[in-house]
Amino acid sequence: MVIGRVTRPHGVRGEMRVVPYTDDPQRFGRLDHVYLADDPDEHPAPRRLALESARLHLQTVLLKLAGIDDREAAADLRGAWLLVAREDALPLAEGEYFLYQLTGLAVVTADGETLGELVSVLETGANNVFVVRGERGEILLPDVPEVIAHIDFDARLMTVTPLPGLLP
């Protein structure tokens with residue numbers, strides 16, 4: 001699971017700036033290791049590196065990984081994704097979910113019309129937008145309570161109540 005992305009080196013001793021992709025940036029300081037990948041869906045498995053230090057700095061995390069000991073080595077990681085194993089993910093509160101769990105859900109209206117499959121999630125400043133592809137083409141659904149009526153992960157089904165004018 002993605003928890004951050006390397007943006008650039010910080011200093012000359014291998015530290016790097018990381019944009020956190022987690023609700024709890026403090027979690028970096030509690031990790032023993034992270035996985036590094038050029039692509040979060042990379043196969044074979046991403047590289048595992050021990051975490052030597054982590055500290056918050058403005059809106060980023062300054063991270064030092066074992067074996068990354070100078071500015072050039074840190075610069076080579078620019079754009080790399082930082083991941084943790086799913087079993088190391090932060091626990092969720094009731095009703096919360098990870099965005100990756102949404103991909104592949106069948107999407108239907110409260111009236112029973114099949115709209116298609118949720119293929120991706122666009123993260124915007126205000127709310128997420130779910131991209132659904134089906135017979136009507138591509139549909140963008142805002143992740144707001146007025147539209148997203150129910151998500152059943154066991155049935156792999158999302159039920160929606162589209163606002164007027166939302167569907168093509």
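The values are calculated or read from the model by the stated rules, or taken from the named source; none is laboratory data. Keep in mind that what you see is a predicted model, and the values were worked out from it rather than measured. Counting neighbours? That spans all protein chains shown, and the Cβs are built from the backbone with ideal geometry, glycine included. All accessible areas refer to the heavy atoms of the entire protein, side chains included, with ligands and DNA or RNA removed. Shrake-Rupley method; radii C 1.70, N 1.55, O 1.52, S 1.80 Å.
Overview of values
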{"item": "Gain in span if fully extended, residue 7 to residue 124, counting 0.36 nm per residue against the direct Cα distance", "result": "40.1 nm"}
{"item": "Per residue, in Å², the accessible surface of the chain once ligands and nucleic acids are set aside, probe 1.4 Å", "result": "59"}
{"item": "Compactness relative to 2.2 N^0.38 Å, alpha carbon Rg of the chain", "result": "1.25"}
{"item": "Accessible surface of the stretch 38-168 [probe 1.4 Å, protein heavy atoms]: carbon and sulfur percent", "result": "50"}
{"item": "Dipole magnitude (debye, nearest 20) for the chain, charges at Cβ of Lys, Arg, Asp, Glu", "result": "760"}
{"item": "Mean separation of Cα contacts under 8 Å (6+ apart) over length of the stretch 19-93, as relative contact order %", "result": "33"}
